[in-house]
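The values are calculated or read from the model by the stated rules, or taken from the named source; none is laboratory data. Keep in mind the model is a prediction, meaning the values are calculated, not measured. Every residue, glycine among them, receives a Cβ derived from its backbone with ideal geometry; neighbour counts consider all protein chains shown.
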Amino acid sequence: MLLAEEWYASDVFWAAVGGVATLATGFAAAVITHRVGTPKRRLWYGIYRTTRLLAEETGRVPELEVRQRGAVLEDPYIVEFRMVSRGRHDIPSSSYDAGQPITFDMGVPVLGVLETENQPVTSPAPRMALDGTTLKIGPSLLKKRHMVTYTLLVDGQPNLTSVAALEGVDLRLLRPGREIDVALEFAEGLGSFSPMGALAPASVRAFRAWQRNRQSPRA
């Protein structure tokens, strides 16, 4: 009994406890400072759907042609290109290197933008320009949980090969198989804005479950 009392009444023991508590507090403060002082920004980008206009599985349809401003297009495609801003913070204009736009190279001539879809509609649409085979965005503010989809007319099968860097932004390629995952992330973000928005993640998850059930072989 005397030994027990001496053990937890020891100055050395309580000094050790105090040291551990100080280290734990310092570590927690460092983590919080890092998270607050290093904003996490992420930008998904990519071609997630393409549609060839003048061909079928059996080959080209000779009776049809597509013209753009009087010029016949050899191999026109409709391309849906998407950007999704994710993370805890907006991507400001200051993130653009030397004030230059981010450049997405489609690998084939980009002839026009047929449609632009901006979600949510309250977010300002970023500045956009076409230059040969490239789509140039910004410098413009990209709000967090901001999704922009450009429907493009191109001549030739697209092949996205490069994108300019953004300072302090994690760039990730959006592939066709990742579309529903990014939609889920986007829907989860909408849930924080309104009670109705909270239903969106459940809807996306239900759709994913339905897809898995369709793909699973039946007994």
- Would you check if G156 is of a type in the set (G, A, S) and either modelled with pLDDT of 95 or more or over 18 Å from the mean Cα position of the chain (by Cα) (or both)? yes
- Message: Of all residues being at pLDDT 65 or above and aliphatic (A, V, I, L, M) in the range 22-67, which is nearest to the chain's Cα centre (by Cα)? Just the residue, please.
- Response: L43
- Every residue from the range 80-127 that is small (G, A, S) and under 26 Å from Q68 (Cβ atoms): G107, G112, A125
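Would you call G70 of a type outside the set (A, V, I, L, M, F, W, C), at pLDDT 90 or above and farther than 13 Å from I137 by Cβ? Talk me through it step by step, then tell me what you get.
Values: of a type outside the set (A, V, I, L, M, F, W, C): yes; at pLDDT 90 or above: no; farther than 13 Å from I137 by Cβ: yes.
When the stated conditions are applied, G70 does not pass them.
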